[in-house]
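Handing you a structure now.
The values are calculated or read from the model by the stated rules, or taken from the named source; none is laboratory data. Everything quoted here is computed from the prediction, not taken from an experiment. Glycine also receives a Cβ, built like all others from the backbone with ideal geometry; neighbour counts cover every protein chain displayed. Calculation scope for accessible area: heavy atoms of the full protein, side chains included, ligands and nucleic acids excluded. Shrake-Rupley method; radii C 1.70, N 1.55, O 1.52, S 1.80 Å.
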Amino acid sequence: MSRPVRVLVIDDSALVRSLLQQGLGLDPGIEVVGTAADPYEARDRIVQLLPDVLTLDVEMPRMNGVEFLRRLMPQHPLPTIMVSSLTEKGKATTLEALEAGAVDFVAKPSADVARGLQQMMTALRTKVKIAATARVSHWKGRTVEGRKPGQAPSPGAMSDSTDKVIAIGASTGGTEALKAVLSEFPASMPGTVIVQHMPAGFTKMFADRLNQLCRVEVKEAVTGDRVGPGRVLIAPGDRHLRVIRSGGFYQAVCESGEAVSGHCPSVDVLMHSVSKAAGRHALGVMLTGMGSDGADGLGAMRQAGARTLAQDEASSIVFGMPKVAFERGGAEKLVPLDGIARNISRLLAEQRS
């Protein structure tokens, strides 16, 4: 039997530290080896206790969670789950933390605290165990800075792109993977639809941040949005995103519904809809993430004639969704993260020929 995941809880509130310690301790596969009231104490506890995973409060006095991560990850990379508030400031800081190396986050309940706390702890226990498998060694010696958009792929690959759709699925580690891919897209890239597993309230801010970094327009999807060249639509955190063909163009439909493949929004829902709406005019991509959401949908896209690929193990934070998609035959091949955009452009050019 494998040993429990060793967790260090970092939070300036003694009450929150106690709640997290008790809640995580309900899972026999998790051992809270210690707590720390601030990043300075945490630094010493990390050396003493050698935890596998950290839980880190976003907003703390003396040094916030983001600044702590920016200092920690280049020296001592550790899988970290952020514990975030749902305030606008808290959301923004959480996204900065993901850029600084955090693997994932949970949101503190803002209403119906008793029920919300139970749901948060269930999510945290799951995410801590996923984080224990995450690859973060690439942060060693790395500096955190804004990424500048790279060179555009060949314009020839992008022409005549109005009838094409790119569908992308991502989960754990996906926010940074998506930033790396989308920042390489030229302004003429075919319409792109994305499901990134993320709670409601965070997807709009995530889309807005990407929009500032990319040559394409990036926005949170709403029903009726047109899917076309130069536009990227990200599924809202509490809605399934589907693509339909309406006359001569593609359109987004966002609807609430039961979780599919364990998630709402679901990559499977998106990709199945794209397989029906676009068929061989589509291209599917599976990025880093835990579980199997999207594997069947990507398979349906490939069967309908779409070209498909998935992120490789070495560059994935968690090699779950890409692995299952590839093993089930949905993804044609595995590609390093820094080659995804280039391969998308190549496959689009092949579709034209």
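Starting from the Cα coordinates of the range 68-129, work out the convex hull volume and express it per residue in Å³.
Per-residue hull volume (Cα only) is 68 Å³.
Indicate the gyration tensor shape class of the chain (rounded, prolate or oblate), computed on the Cα atoms with a ≥ b ≥ c the square roots of the eigenvalues: a/c under 1.5 is rounded; otherwise a/b larger than b/c is prolate and the rest oblate.
The shape class here is prolate.
Now a separate question. Summarise the accessible area of the range 1-125 (1.4 Å probe, protein heavy atoms) by the percent that is carbon and sulfur.
Carbon-and-sulfur percentage of accessible area, whole number: 52.
Right, another one. Find the accessible area per residue for the range 194-318; the probe is 1.4 Å, ligands and nucleic acids are left out, and the unit is Å².
Ligands and nucleic acids excluded, the figure is 37 Å² per residue.
In whole Å, how far is the Cα centre of the range 1-29 from that of the range 239-281?
After rounding, the separation between the Cα centres reads 38 Å.
So, one more: Where does the chain land at 222 nm, in deg cm²/dmol rounded to the nearest 500, when only DSSP H runs of n ≥ 4 count, each adding -39500 (n - 2.57), divided by all residues?
Counting only the DSSP helices, I get -11000 deg cm²/dmol.
Hand me the trypsin sites (Lys or Arg not before Pro) from the range 108-141 located in a DSSP loop with no more than 14 other Cβ atoms within 10 Å, in residue order please.
Here the sparse-neighbourhood loop sites are 140.
Let me ask something additional. What are the trypsin sites (Lys or Arg not before Pro) within the range 258-353 that DSSP puts in a loop, where the Cβ has at most 14 other Cβ atoms within 10 Å?
328, 333
R0 = 35 Å: FRET efficiency of residue 67 with residue 314, Cβ-based, nearest 0.05?
So, using R0 = 35 Å, E works out to roughly 0.75.
Let me ask something additional. Once label points are set 7 Å from the Cα along Cα→Cβ at both residue 18 and residue 259, what is their separation, rounded to one decimal in nm?
3.0
Then there is this: Can you tell me the FRET efficiency between residue 137 and residue 89 if r is taken as the Cβ-Cβ distance and R0 is 35 Å, rounded to the nearest 0.05?
0.65
Just list whichever of 127/204; 219/276; 89/333; 140/276; 127/179; 89/323 have alpha carbons separated by over 32 Å in the model shown.
89/333; 140/276; 89/323
Give me the distance between the Cα centres of the range 196-220 and the range 48-92, rounded to whole Å.
22
Using the crude model of +1 on Lys and Arg Cβ and -1 on Asp and Glu Cβ, and no other charge, please compute the dipole size for the chain relative to its Cα centre, in debye to 20.
680
Of 223, 166, 46, which is farthest on the positive side of the dipole of the chain, counting Cα position, with +1 on Lys and Arg Cβ, -1 on Asp and Glu Cβ, and the Cα centre as origin?
Going by the charge dipole, the pick is 166.
Counting only DSSP beta bridges with both residues in the range 230-313, what percent are antiparallel, rounded to the nearest 5?
65
Looking at the range 171-290 only, what percent of DSSP beta bridges run antiparallel? Nearest 5 please.
Of the beta bridges lying entirely in the range 171-290, close to 60 percent run antiparallel.
What is the extension gain from residue 123 to residue 31, computed as 0.36 nm multiplied by their sequence separation minus the C-alpha to C-alpha distance, in nm to one decimal?
Stretched fully, the residue 123-residue 31 segment lengthens by 31.5 nm.
When a/c is below 1.5 the answer is rounded, else prolate if a/b is larger than b/c, else oblate, so apply that to the range 302-343 with a ≥ b ≥ c taken from the square roots of the Cα gyration tensor eigenvalues.
Oblate is the answer for the range 302-343, as a/c is 1.5 or above yet b/c matches or exceeds a/b.
Please give the contour-minus-distance gain from residue 40 to residue 223: 0.36 nm per residue of separation, less the Cα-Cα distance, rounded to one decimal in nm.
Gain on extension, residue 40 to residue 223, equals 61.2 nm.
Okay, moving on. For the range 164-295, what does the alpha-carbon gyration tensor say about shape, rounded, prolate or oblate, given a ≥ b ≥ c as the root eigenvalues, a/c under 1.5 as rounded, and a/b over b/c as prolate?
rounded
Taking every DSSP beta bridge that has both residues in the chain, what percent is antiparallel when rounded to the nearest 5?
For the chain, the DSSP antiparallel bridge percentage is about 20.
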